[in-house]
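Structure, as structure tokens:
The values are calculated or read from the model by the stated rules, or taken from the named source; none is laboratory data. Keep in mind that what you see is a predicted model, and the values were worked out from it rather than measured. Cβ placement follows ideal geometry from the backbone for every residue including glycine, while neighbour counts extend to all protein chains displayed.
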Amino acid sequence: MTKTISFGPLDFARKLDAEAFLKAMLNKYDVGDRVSAQDAEILRDALALHPDAAAKIGCGVDSFSVRSADYGTKCFWINRPDGSTEKFSFRACIYG
């Protein structure tokens, strides 16, 4: 039996489905865009599954944005209330 993965109200039968969903979410934004409130709620739930969630969240999550990452890619970034930022891999949220 495969273990489902959930981000709030969204349930995925396979981790690959969850990965495809978050990748599609990332790709609908351009570098520099702020993530919508609806997508941010899903990202908060996904971030809670990250193996370094406490360190990534730090003093809290004000919002999410899409910015440049390594090797010319882009990724989600956490914007904290204190003005600091931290990038995170949505794949780490799924696969640990």
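Pull out all pairs, ordered by first then second residue, where Cβ-Cβ is under 8 Å, the residues are six or more apart or on different chains, the first lies in the range 72-96 and is more than 20 Å from Cys59 (Cα to Cα), and the second is in a loop (DSSP other than H, G, I, E, B) and of a type in the set (A, V, I, L, M, F, W, C).
Once the first residue is more than 20 Å from Cys59 (Cα to Cα) and sits in the range 72-96, its partners that are in a loop (DSSP other than H, G, I, E, B) and of a type in the set (A, V, I, L, M, F, W, C) give Lys74/Val31; Cys75/Ala69; Ile94/Leu49; Gly96/Leu49.
Going through Ala37, Ala46 one at a time, which residue ends up being touching a residue at least 40 places away in the same chain (Cβ under 8 Å) and among the aliphatic types (A, V, I, L, M)? Talk me through it step by step, then tell me what you get.
Values: Ala37 fails: touching a residue at least 40 places away in the same chain (Cβ under 8 Å).
Just a single option satisfies the conditions, and that option is Ala46.
Out of the range 17-60, which residues are under 12 Å from the mean Cα position of the chain (by Cα) and outside any helix (DSSP H, G or I)?
Listed by number, the residues that qualify are Val35, Ala48, Leu49, His50.
Limited to the range 7-33, what total is found for residues that are farther than 12 Å from Cys75 by Cα and of a type outside the set (Asp, Glu)? Give the steps one after another, and end with the answer.
Our first condition is that a residue be farther than 12 Å from Cys75 by Cα; within the range 7-33, this holds for 7-21.
Still in the list and also of a type outside the set (Asp, Glu): 7-10, 12-16, 18, 20-21.
Here the count works out to 12.
Filter the range 1-16 for residues that are over 12 Å from the mean Cα position of the chain (by Cα) and either among the basic types (Lys, Arg) or assigned to a strand (DSSP E or B) (or both); which is farthest from Ser68 (Cα to Cα)? Give the steps one after another, and end with the answer.
Of the range 1-16, the ones over 12 Å from the mean Cα position of the chain (by Cα) are 1-6, 8-16.
Right, trim to either among the basic types (Lys, Arg) or assigned to a strand (DSSP E or B) (or both) and you get 3, 5-6, 10-12, 14-15.
Details: Lys3: 32, Ile5: 27, Ser6: 27, Leu10: 27, Asp11: 29, Phe12: 27, Arg14: 28, Lys15: 25 Å.
This residue is Lys3.
Listed here are the residues, each with its yes/no results for (1) at pLDDT 95 or above; (2) touching a Cys at 6+ places or on another chain (Cβ under 7 Å); (3) of a type in the set (S, T, N, Q).
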site	(1), (2), (3)
Ala55	yes, no, no
Cys59	yes, no, no
Tyr71	no, no, no
Ile78	yes, no, no
Pro81	yes, yes, no
Thr85	yes, no, yes
Phe90	yes, no, no
Cys93	yes, no, no
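So which pairs qualify, if the first residue must be in the range 1-20 and over 14 Å from Tyr95 (Cβ atoms), the second must be of a type in the set (Ser, Thr, Tyr), the Cβ gap must be under 9 Å, and the two must be at least 6 apart or on different chains?
Here the result reads Asp11/Thr4; Ala13/Thr2; Ala13/Thr4, each pair linking the range 1-20 to a residue that is of a type in the set (Ser, Thr, Tyr).
Just for the range 68-96: of the residues that are under 21 Å from Asp45 (Cβ atoms) and hydroxyl-bearing (Ser, Thr, Tyr), which one is nearest to the chain's Cα centre (by Cα)?
For the range 68-96, the residue satisfying everything is Ser89.
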